[in-house]
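Take a look at the structure set out below.
The values are calculated or read from the model by the stated rules, or taken from the named source; none is laboratory data. Just so you know, these numbers come straight off a predicted model, no measurement behind them. Here the Cβ positions follow ideal geometry from the backbone for every residue, glycine too, while neighbour counts run over all protein chains shown. Just so you know, the surface numbers come from the protein's heavy atoms only, side chains and all, with ligands and any DNA or RNA stripped out. Shrake-Rupley method; radii C 1.70, N 1.55, O 1.52, S 1.80 Å.
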Amino acid sequence: MTEKEKSQRDGKLLRGALLTMLGGTLWGLNGTVSSILMSRYGVEPLWLACVRELSACWLFLLAARASAPEKLHGLLRDRHSLAGVFAVALGSILFSQVSYLKAIDWTNSATATVLQNLSVLLVMVFVCLSNRRAPHRREVAGVALAFLGTFLIATGGNPAALSLPPQGLFWGMCCAIAATFLSIQPVRLISRWGNFAVNGLAFLMSGVVLMVATQPWAHMPQLDLAGWLMVLFSIVMGTFGAYGLYLQGVKEVGAMRGIMLGTAEPVVATVSSVLLMGISFAPTDLLGFAMIIVMVFLTA
């Protein structure tokens with residue numbers, strides 16, 4: 001490899017790492033912004049999910065139209081693929097958006113984001129079962145850390161009591177399951193039709209289902225200018241921007257580095273929860289957070 005090629009490779013890796021970390025940072029901030037909207041303005045999780053999906057989907061579709069119009073048009077003409085996108089809309093997008101916001105509503109953005117990272121463990125189990133192999137030693141250590149970290153977050157170290165509300169723990173586990181679906185279910189469709197086209201249509205379909213089920217116009221929240229600006233941030237930066245930056249970064253640095261760099265999300269969610277909402281965490285919470293983040297590095 002020449003010096004020029006090495007420089008180009010290093011530059012690409014650095015750019016990809018920065019994009020991935022910026023995407024994770026925006027996701028972490030989005031969790032805290034969503035928490036503020038729900039706790040201070042009384043915004044319902046399903047209302048926020050519906051508005052976010054029906055708004056962000058057009059940004060994804062415009063990006064697909066600008067970057068690869070032939071893939072978007074091809075997907076729209078392929079009935080079999082559209083059926084697959086609808087399955088992604090229900091199994092990945094709808095499930096992940098609702099469970100994440102519900103988990104934040106019952107706990108806080110930091111706890112919900114850390115519990116969501118348990119999806120790495122579930123993906124590892126899926127890979128082991130698919131390949132019919134036993135987990136490696138590092139993966140076994142990751143499993144132990146994941147269970148111990150979750151135990152500390154849920155109980156504060158006291159097995160006789162729950163520090164988290166049962167609903168918060170339930171929706172946090174749903175977050176992990178939904179994130180696992182999201183990392184596995186759309187892979188083939190995205191490989192064929194591209195990220196923007198698949199996710200734009202999946203967000204649109206999921207948003208329409210939520211709109212029919214929740215009728216968001218019937219219970220509009222009372223938002224001031226700051227509230228609407230937070231909704232706008234959640235749509236543009238926290239959903240479209242975070243997703244687009246993260247995926248582009250992972251494309252350049254690879255999935256393994258992407259997962260590790262994505263741990264910026266729970267770190268930012270924790271710090272922003274403390275700074276913007278005044279939330280305090282017990283030492284056992286922080287230790288549990290750290291164990292789950294270390295688990296990501298061991299199992300990735």
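Observations, loosely collected:
- A straight line joining the Cα centroids of the range 81-154 and the range 181-242 runs 20 Å.
- Carbon and sulfur %, accessible surface of the range 1-82 computed with the full protein complex present, 1.4 Å: 60 percent
- Note on the range 1-60: dipole from Cβ charges, positive end direction compared against Leu48, Leu29, Leu18; the farthest Cα belongs to Leu18.
- Once the C-beta distance of Ala83 and Glu44 is scaled by a Förster radius of 45 Å, the resulting FRET efficiency is 0.90 to the nearest 0.05.
- Calculated Cα extents along the principal axes in Å (choose from (i) 58, 58, 38; (ii) 121, 48, 37; (iii) 54, 46, 43), label: (i)
- The stretch between Leu13 and Phe151, if pulled fully straight at 0.36 nm per residue, gains 46.1 nm over its current Cα-Cα span.
- Heavy-atom accessible surface of the chain, averaged per residue, reaches 48 Å², computed with a 1.4 Å probe.
- The chain, dipole about Cα centre (Lys/Arg Cβ +1, Asp/Glu Cβ -1), debye to the nearest 20: 900 debye
- Added length on full extension, which subtracts the Cα-Cα distance from 0.36 nm per residue, Val294 to Leu62: 79.8 nm
- For the range 96-220: rounded, prolate or oblate by the Cα gyration tensor [a/c cutoff 1.5]: oblate
- Estimated vicinal HN-Hα couplings, Hz - the range 119-131 in sequence order (Karplus 6.51, -1.76, 1.60; Gly, Pro = x): 4, 4, 5, 5, 5, 4, 4, 4, 5, 4, 5, 5, 8
- Each residue, Ala226 and His73, gets one label point 7 Å from its Cα in the Cβ direction; the gap between the two is 4.8 nm.
- In this rough spin-label picture, where each label sits 7 Å from Cα along the Cβ direction, the Ala141-Ala282 distance is 2.8 nm.
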